[in-house]
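One structure is given here, and the rest of the page talks about it.
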């Protein structure tokens, strides 16, 4: 550290000075309670200098954040590090080895976008959670491509070669269409948003005074005139309509203008209407993809696409390549990434009769038990008819789910790809590169042992790490593993 | 249960379809059932102590005390006798030239195999009970959180030898292993 002559020693740099405008605003929002306290104190004492003092203090702290934050990128891309120094009272230095960098994301909220800034986030293999990561908040947007190129550069590649970069063409894999919005209301996100909003409103105590207001009383009047059933129907209709609108709005805000493109060995994803997000993934870290089809999206012929990648969290927004979109789009993008159409759309091998029996018993076990209890009660005393109707509906629903799950269950394996499909409510087709599989688990519960089936779990460092394939017939389970991994077939335990 | 090792690995040409896997050869230490029995007894003893305190302070609901006592004794007896012996029959491990292979569990059983070329760390763990009985547990981790291989209750000498062998074969840190 103390040798300034070293070549890898690079000067500490500050973030964009425009953050001097952003930090105080964020600080004001963060310290809102303090600010309100200052205003209250100022108006009660009649001395507004309290308000001014609090305001000045918050702005000064915000500005100080910029002066105390600096970063540097050491020149050697193999052994060098990127470092971030930050903190006003608690000084913190975050260091990330450059050869550990797996992906670079940028994110620009509205205020950042207005000022031409972007937050740059570096994720490494092991921990991809945002809080512990390396975050530059923020740099100028026009610096982002250069920083990204430097951070993601492999040792073999020249770092600063704009000529090479422009020569490599971009291939656009997918572009957002407004018609994709039709899949958005089919998720639960709208209902969840509404629930959260209702909770917030209730927490804030607005409901108390509202209860006796004229609005509430007129609503009660209307409800009494309409009757119970009609009121429930109206409320349900309003809730469903609102959740549809909210979900579509959320999807529009998050995924509008989405572009997925590929340039040489990197995959770029950009999306967002107001808050612009951009992810860059190193293609050599790609271990496959997952087609996700929630039941309602599947009925409308849609599918979402997740990346299976090392260094990127397998669940949640960070791994999403495509939100629910037409199945053909998702399939063609995945085909382009894995390079084998059979992997994405080819037929699968089912798991046979015993796996099917297990689906039936698991789906219908509980309804049958409830039915038996109902029958006993019917014989002993009387049971309202609607209970039996409800039971019939639930049982039919479970049977349909079981039939659908049986149809979905299957796998396909060759020496390059392992494909697994399962689920009804949340159907997924996982396409996994066999080169990325670093462990196999064969798991059997007592029931599975009796049915002579087993759950095969492929372990990988990518995506969700654990890819289970349920109820494979016992005599096929190791054959699947052996076909995917030569080190299983050639191990000393193999029986041929 | 097959305890032999198949010799003569043939990896020339396309290998014929694999039918199954022989179980790994080596059982846990002979002292392992004792360690598991005592380890399994501890929670039941805590439960029994709690019950004794309860009885000392409150003697109403005698039937509930009796039901709970029977339940506790039954659980203790099962975890003292059935579970350790069952686990000892199931638990197996073996280190091959390419992979490490284990079988674990009792009610739910797992076989797990991991390639040595992808091993990242080899850890040994000895809890207080393990030290009392001269045992050690070895965990072989790979880059996947779902792929760690646990080998439980080995004699210390066996565990040390295994760790030495593993670190020798797996050139740990040579490659990224993801």
task: Exactly one condition in (1) more than 9 Å from every other protein chain (Cβ to nearest Cβ); (2) surrounded by 15 or more Cβ atoms within 10 Å (Cβ to Cβ); (3) touching a strand residue (DSSP E or B) at 6+ places or on another chain (Cβ under 7 Å) is not met by residue B:167; state its number.
output: (2)
- request: Determine, yes or no, whether residue A:421 is more than 10 Å from chain B (Cβ to nearest Cβ) and within 20 Å of residue A:304 (Cα to Cα).
  value: yes
message: Just the residues that are part of a helix (DSSP H, G or I) and within 17 Å of the chain's Cα centre (by Cα), please, taken from segment A:235-261.
response: A:247, A:250, A:251, A:252, A:253, A:254, A:255
task: Would you be able to say whether some residue in segment B:21-30 is over 22 Å from residue A:440 (Cα atoms), away from chain A (no Cβ under 14 Å) and either modelled with pLDDT under 95 or in a loop (DSSP other than H, G, I, E, B) (or both)?
output: yes
- request: Could you identify the single residue in A:172, A:119 that is surrounded by 14 or more Cβ atoms within 10 Å (Cβ to Cβ), closer than 24 Å to residue A:251 by Cβ, in contact with a strand residue (DSSP E or B) (Cβ under 9 Å, 6 or more places away or on another chain) and modelled with pLDDT of 85 or more?
  value: A:119
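Which one of these is modelled with pLDDT under 95 and either away from chain B (no Cβ under 14 Å) or touching a strand residue (DSSP E or B) at 6+ places or on another chain (Cβ under 7 Å) (or both): A:454, A:435, A:494, A:489?
Answer to the selection: A:494.
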message: Restricting to segment A:466-478, name every residue that is crowded, with 20+ Cβ neighbours inside 10 Å and either at the interface with another protein chain (Cβ under 8 Å from one of its Cβ atoms) or touching a strand residue (DSSP E or B) at 6+ places or on another chain (Cβ under 7 Å) (or both).
response: A:467, A:469, A:470, A:471, A:472, A:477, A:478
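The values are calculated or read from the model by the stated rules, or taken from the named source; none is laboratory data. Keep in mind that what you see is a predicted model, and the values were worked out from it rather than measured. Note that each Cβ is placed from the backbone with ideal geometry, even for glycine, and that neighbours are counted across all protein chains shown.
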